[in-house]
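What follows is a short report on a single structure.
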Amino acid sequence: MPAQIANHMRLDGKVAVVTGGAQGVGLGIAQEFVDYGATVVIADINEATLKEAGAVLGPNVTTAVVDVTNLDQVRAMYADTIATHGRLDAVVANVGAGDSNGVQSITEKQFDFVFGVNVKGVLFTVQPAIDLMKDGGTIVIIGSTASIQPPTGMSLYGGAKAALRNMVRAWIQEVRGTGIRINVLSPGAVDTPSLRSALADASGADQVDALVTKMGEGNPLGRLARPRELGTAAVFLASEASSFITGVELFADGGMAQTG
Ligand SMILES: NC(=O)c1ccc[n+]([C@@H]2O[C@H](COP(=O)([O-])OP(=O)(O)OC[C@H]3O[C@@H](n4cnc5c(N)ncnc54)[C@H](O)[C@@H]3O)[C@@H](O)[C@H]2O)c1
């Protein structure tokens, strides 16, 4: 009779912050963290969607209105987290956004926005968390396949996501001795409500299902990811199940980045 195998993916007793957790990928991640036993703070700039998400996620979730590009606000959010829940075990730096333009047309405003949200926002999410975490703390940064396969017109976004991946390579050395692990989790296209509404705006509501199917055919698994599948991968990286993994970029993209 084999010994009972412990479920090292469980997050019982852990407190996690998920930034951008009010919708899309972040909401899927928060849902999985709750299902795996964590208490979760969803931290987002959009108060209205944050409220709706808090109601959907239930009693093991609290909400925090915060702009991750504002270090003072992020510090205050972590202070509230510790005051309310007593500890900080895991952070998922999920906020990110893109903008599209060719190299000859990129504006300073676009540069500041894309690098501000994706790079400064993640730096400011990670920076104050390190001192608050104990041994076993985990940080998961949501990247993108654009870090190695930037689509035409998406050089800012691809560059910002590649910057994150490389900053992590230095950060894991700088936190040596703390036991804190930092990893990047990179999705390909994810079937989110905002993707669907963007497709509906561009091509009409009756085209959305066909376009989602067509987009999914671009990877070897032949479909788009569901937000919760990113959630399960984030739970893995945040849990004891990945206890000797740090500094990687894990692609949860149906194999797209390995075959493109
Ligand atoms: N959706 C995809 O297909 C896809 C693919 C690859 C990577 N990603 C990455 O996944 C992450 C989430 O993407 P998504 O599609 O769910 O995005 P989304 O736009 O649907 O949601 C982002 C959330 O972040 C919040 N937010 C935006 N700016 C903020 C700020 N400054 N401070 C705090 N909150 C802020 C928004 O209010 C929103 O709730 C991003 O890092 C994105 O780059 C998404």
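Coordinate-derived values only; no laboratory data. A quick note: this is a predicted structure, and the numbers were derived from the prediction, not measured. Methodologically, a virtual Cβ is constructed for each residue, glycine included, from the backbone with ideal geometry; neighbour enumeration extends over all protein chains shown.
Couple of notes before you dig in:
- What you get for region 19-166, charging only the Cβ of Lys and Arg (+1) and of Asp and Glu (-1), is a dipole of about 260 debye around the Cα centre.
- Among Phe113, Phe124, Phe244, the largest mean-square fluctuation in a Gaussian network model of the chain (Cα springs under 10 Å) belongs to Phe244.
- Cβ charges +1 (Lys, Arg) and -1 (Asp, Glu), total dipole of the chain, debye: 500
- C-alpha center-to-center spacing [region 57-107, region 193-237] in angstrom: 23
- Among Asp35, Asp12, Asp209, residue whose mean-square fluctuation peaks in a GNM of the chain (springs only between Cα atoms under 10 Å): Asp209
- Fully extending the segment from Asp112 to Gln4 would add 33.7 nm, taking 0.36 nm per residue of separation and subtracting the current Cα-Cα distance.
- Debye-formula intensities of the chain, expressed as log10 I(q)/I(0) at q = 0.09, 0.15, 0.16 Å⁻¹, are -0.39, -1.10, -1.25 (one equal scatterer per alpha-carbon, no solvent).
- For region 123-145, the residues whose amide N sits under 16 Å from a probe point set 7 Å from the Cα of Ile82 along the beta carbon direction are 125-138.
- Sparsely packed trypsin sites (Lys or Arg not before Pro) within region 101-146, loop by DSSP, other Cβ within 10 Å at most 13: Lys134
- Dipole orientation for the chain: of the candidates Val119, Gly231, His8, His8 has the Cα lying most toward the positive pole (charges on Cβ; Lys, Arg +1; Asp, Glu -1).
- Using alpha-carbon coordinates, inclination of helix 227-238 to the longest axis of the chain, degrees: 40
- By the helix-only formula, in which each DSSP H run with n ≥ 4 contributes -39500 (n - 2.57) and the sum is divided by residues, the chain has a 222 nm mean residue ellipticity of -13500 deg cm²/dmol.
- Rounded to the nearest Hz, the phi-derived 3J(HN,Hα) couplings of region 179-196 under the Karplus curve 6.51 cos²θ - 1.76 cosθ + 1.60 (θ = phi - 60°) are x, 7, 10, 10, 9, 10, 10, 10, x, x, 5, 10, 7, 10, x, 6, 4, 5, where x marks glycine and proline.
- Helix 155-174 and the longest principal axis of the C-alpha atoms of the chain enclose an angle of approximately 20°.
- Amide N proximity, region 160-196 versus Leu221 label position 7 Å along Cα-to-Cβ, cut-off under 15 Å: 185-192
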